[in-house]
Amino acid sequence: MKLNTLKPAPGATSDRHRVGRGVGSGWGKTAGRGHKGQRARSGGFHKVGFEGGQMPLHRRLPKRGFNSPTRDDIAEVRTGALQKMQAAEITLDTLKAEGVVPRGALGAKVIVSGKLERKLALKEISVSKGARAMIEGAGGSVQLTEKPKAEPKKKEKKAKKEKPEEAPKA
């Protein structure tokens, strides 16, 4: 048996249904579309979800959830991956160079997963509480500059317009 000799069993396949090919075919004239109406016209009938003017189900149900457009910007780094790395001073660029985080990552966060028994110096990489304890327990350090928090803007109250003093009537 060869792949180029394989064929479906006799009678298993039938020819494509060709509509609109004359009266003798049984599917001539209206070609199975009936008479008039929206479905009989070209380009015209409502697709899936149309409920005849009633509000469709997908619009009746409430919206739920949230898909963050920036979800994949911060990469997750496991402590076990840091143990395998060669560099002692770790920045986002060294993580990208060794293929620990994707090249498109804008930041990284270290989480506890695996062992860490060597001294590391992390610079500008955020860490979880457990990961910080593990890194500092192994003699390493975490250096992260805090971003200044923006103070909420206070609305200035407008001074009330003083009413002009009325002249005494004489």
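Residue-by-condition table, conditions (1) among the charged types (D, E, K, R); (2) assigned to a helix (DSSP H, G or I); (3) closer than 30 Å to M134 by Cα; (4) touching a Pro at 6+ places or on another chain (Cβ under 7 Å):
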| site | (1), (2), (3), (4) |
| --- | --- |
| G44 | no, no, no, no |
| V48 | no, no, no, no |
| R59 | yes, yes, no, no |
| R64 | yes, no, no, no |
| P69 | no, no, no, no |
| D72 | yes, yes, yes, no |
| A75 | no, no, yes, yes |
| A81 | no, yes, yes, no |
Exercise. Within the set of pairs 6+ apart or on separate chains, which have a first residue in the range 87-101 that is within 14 Å of V127 (Cβ to Cβ) and in contact (Cβ under 8 Å) with a residue 12 or more places away in the chain, a second that is assigned to a loop (DSSP other than H, G, I, E, B) and not hydrophobic (A, V, I, L, M, F, W, C), and C-beta atoms under 7 Å apart?
Worked result: T91/E124; L92/E124
For this session: Hey, can you tell me all the residues within the range 1-38 that are within 30 Å of G52 (Cβ to Cβ) and surrounded by 10 or more Cβ atoms within 10 Å (Cβ to Cβ)?
Result: V19, G20, W27, K29, T30, A31, G32, R33, G37
Seminar exercise, completed: With the first residue restricted to the range 12-27 and required to be in contact (Cβ under 8 Å) with a residue 12 or more places away in the chain, and the second required to be part of a loop (DSSP other than H, G, I, E, B), Cβ contacts under 7 Å at 6 or more apart or on different chains are V19/W27; V19/A31; V19/G32
Seminar exercise, completed: Counted residues in the range 60-86 being of a type outside the set (S, T, Y), modelled with pLDDT of 90 or more and surrounded by 10 or more Cβ atoms within 10 Å (Cβ to Cβ) come to 12
For this session: Return the total of residues in the range 89-107 being of a type in the set (A, V, I, L, M) and closer than 18 Å to E136 by Cβ.
Result: 1
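I'd like to verify a number: residues in the range 87-117 that are in a loop (DSSP other than H, G, I, E, B) and surrounded by 18 or more Cβ atoms within 10 Å (Cβ to Cβ), how many?
4
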Problem set entry | Given (1) touching a residue at least 12 places away in the same chain (Cβ under 8 Å); (2) assigned to a loop (DSSP other than H, G, I, E, B); (3) surrounded by 11 or more Cβ atoms within 10 Å (Cβ to Cβ), index of the condition M134 fails | (2)
Exercise. Can you spot a residue in the range 7-15 that is assigned to a loop (DSSP other than H, G, I, E, B), basic (K, R) and under 42 Å from the mean Cα position of the chain (by Cα)?
Worked result: no
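The values are calculated or read from the model by the stated rules, or taken from the named source; none is laboratory data. What you are looking at is a predicted structure, and each value in this text was computed from that prediction instead of being measured. Every residue, glycine as well, gets a Cβ built from its backbone with ideal geometry; the counts of neighbours run over all protein chains shown.
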